[in-house]
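Below is one structure, written out as structure tokens; comments come after it.
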Amino acid sequence: MVLADAGCEVTLWGRRPELAEAINSRRVNPDYLPDVRLPDGILATTDPAEAADGAEFAAFVVPSQTFRANLTEWAPLFGPDTVLVSLMKGVELGTCKRMSEVISEVAGTGPERVAVLTGPNLAPEIAQRQPAAAVIACAEEEAARRLQSLCHTGYFRPYTSTDVVGCELGGAVKNVIGLGVGIADGMGLGDNSKATLLTRGLAETSRLGAAMGADPLTFSGLAGMGDLVATCSSPLSRNHTFGTNLGRGMSLEETIKATRQTAEGVKSCRSVLELARRHGVDMPITETVVDVVHGGKSPHVGLKELMSRSAKPERR
């Protein structure tokens, strides 16, 4: 919608023929955004070859844990100059690879053709054309500037960056912290508790980023603090809502059944923790979220363990 509003021709790939038909004939996605009329510049198709044909940019928004399989099928369809853009905020299970790394590995392309778009971009608010900003990161700044010019509208303001690592880590780890803050909300904890989780969660993200060579300033910007605030404070956030249900006492299975769309942090929290361990980084909030979501630990026990950790200076 943003690209079409900026005057681009957009072809949207989808799995289900009935949704593609609804978008093409009625200009609406009845399952996810029934009250939003989509611009006429969008064509929907179930044929990935049709979507890829002649594309200057290809933006990927599938769940991160299925992306490798999807891209293996799609990669041969893109031209040699197509810039491949990740909007996914996850870390691959098993490999602990960021999505840009999966793109480079599967598509066999250099960093100049791989970009990341991230930031505080809750989809329903974007669809209502409420003002929002984002960051486009690419090792080749010119590619980032080209995409910036194509999606800059009166309500959507993109900035550029060359820190792909930091932007991706900010997007992936904020989902894990969003789960934690959601759990706190579900437990009935107040704003002091949530502010503590949010702030110390940002510290965890920054420590991991430093160990992986990210620019520390990235985490004080839209890809770091901005995205973290949106995820941890909004009922529109899937990860926050998922955590809230867990904090209220629902089981993992019950919460999954109650969630219509992918909450990336649920699976990625394990790969984020493994990534931290590989780099020797301490991430106690992330570890607690993994224990509660996947280890069956009571949120109350997890909270008690977090609060009883040994005292230390803040900047550690």
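Cβ under 9 Å from E264's Cβ, E264 left aside: what net charge do those residues give with Lys, Arg +1 and Asp, Glu -1?
Details: positive: K89, R238, K267; negative: none.
My count for the surroundings of E264 gives +3.
Which of M88, M307 comes first, and how do the rest follow, when ranked by fewest Cβ neighbours within 10 Å? Write down the numbers at each step before the final one.
Numbers: M88 30, M307 9.
By the 10 Å Cβ count, ascending, the order reads M307, M88.
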The summed charge of the D185 Cβ neighbourhood (under 12 Å; Lys/Arg +1, Asp/Glu -1) stands at +1
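What 222 nm value per residue comes from the helices of the chain, counting each DSSP H run with n ≥ 4 as -39,500 (n - 2.57) and dividing by all residues, nearest 500 deg cm²/dmol? Walk me through the numbers before you get to the answer.
Details: 15 runs with 153 residues, N = 316.
So the calculated ellipticity at 222 nm is -14500 deg cm²/dmol.
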Alpha-carbon centroids, region 173-232 and region 67-133: separation in whole Å:
22 Å
Simple SL model, points at 7 angstrom along Cα→Cβ for T46 and L150; separation in nm is 2.7 nm
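How charged is the neighbourhood of A20? Take every other residue with its Cβ under 13 Å from the Cβ of A20, and add Lys/Arg as +1 and Asp/Glu as -1.
Details: positive: R15, R16, R26, R27; negative: E18, E21, D31, D47, E50.
Computed value for this residue: -1.
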Normalised by the residues of the chain, what does the relative contact order come to in percent, with Cα pairs under 8 Å and at least six apart?
15 percent
Considering the convex hull of the alpha carbon atoms of the chain, report its projected area averaged over all viewing directions, in nm², one decimal.
15.6 nm²
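Would you work out if region 91-210 is rounded, prolate or oblate? Take a ≥ b ≥ c from the square roots of the eigenvalues of the alpha-carbon gyration tensor; rounded if a/c is under 1.5, else prolate when a/b is larger than b/c, oblate otherwise. Present the calculation step by step, with values, prior to reporting the outcome.
Working: a/c = 2.33, a/b = 1.37, b/c = 1.69.
Oblate shape, in that a/c is at least 1.5 and b/c is the bigger or equal ratio.
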A correct fewest-to-most ranking of F57, F219 by other Cβ atoms within 10 Å would be F57, F219
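So which helices of the chain fit the span-like rule, where a helix is a whole DSSP H run, its Cα atoms reach 20 Å or more along the axis, and its mean Kyte-Doolittle is at least -0.5?
On the way: long enough: 164-186 (33 Å, 1.15); 191-211 (30 Å, -0.26); 264-278 (21 Å, -0.41).
The answer, listed by residue number, is 164-186, 191-211, 264-278.
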Can you compute log10 of I(q)/I(0) for region 152-198 with the Debye formula, treating each Cα as one identical point scatterer, at q = 0.25 Å⁻¹?
-0.84
How high is the relative contact order of region 220-275, in percent, counting Cα pairs under 8 Å that sit 6 or more residues apart?
26 percent
Using only the alpha carbons of region 2-164, what is the convex hull's orientation-averaged projected area in square nanometres?
9.0 nm²
Within region 254-316, DSSP-loop GluC sites (Glu not before Pro) with at most 11 other C-beta atoms within 10 Å are E314
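Would you please put 93-103, 157-167 in order of how densely packed they are, using the mean number of other Cβ atoms within 10 angstrom per residue and starting with the highest?
Ranked from most to least packed, the peptides come out as 157-167, 93-103.
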Proxy reagent accessibility, fewest Cβ within 10 Å first, across K297, K89
K297, K89
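Bear in mind that the values in this text are calculations on the coordinates, not laboratory data. Just so it is clear, the structure is predicted and the values come from calculations on it, not from any experiment. Cβ sites come from the backbone with ideal geometry, for glycine too, and all protein chains shown count toward neighbours.
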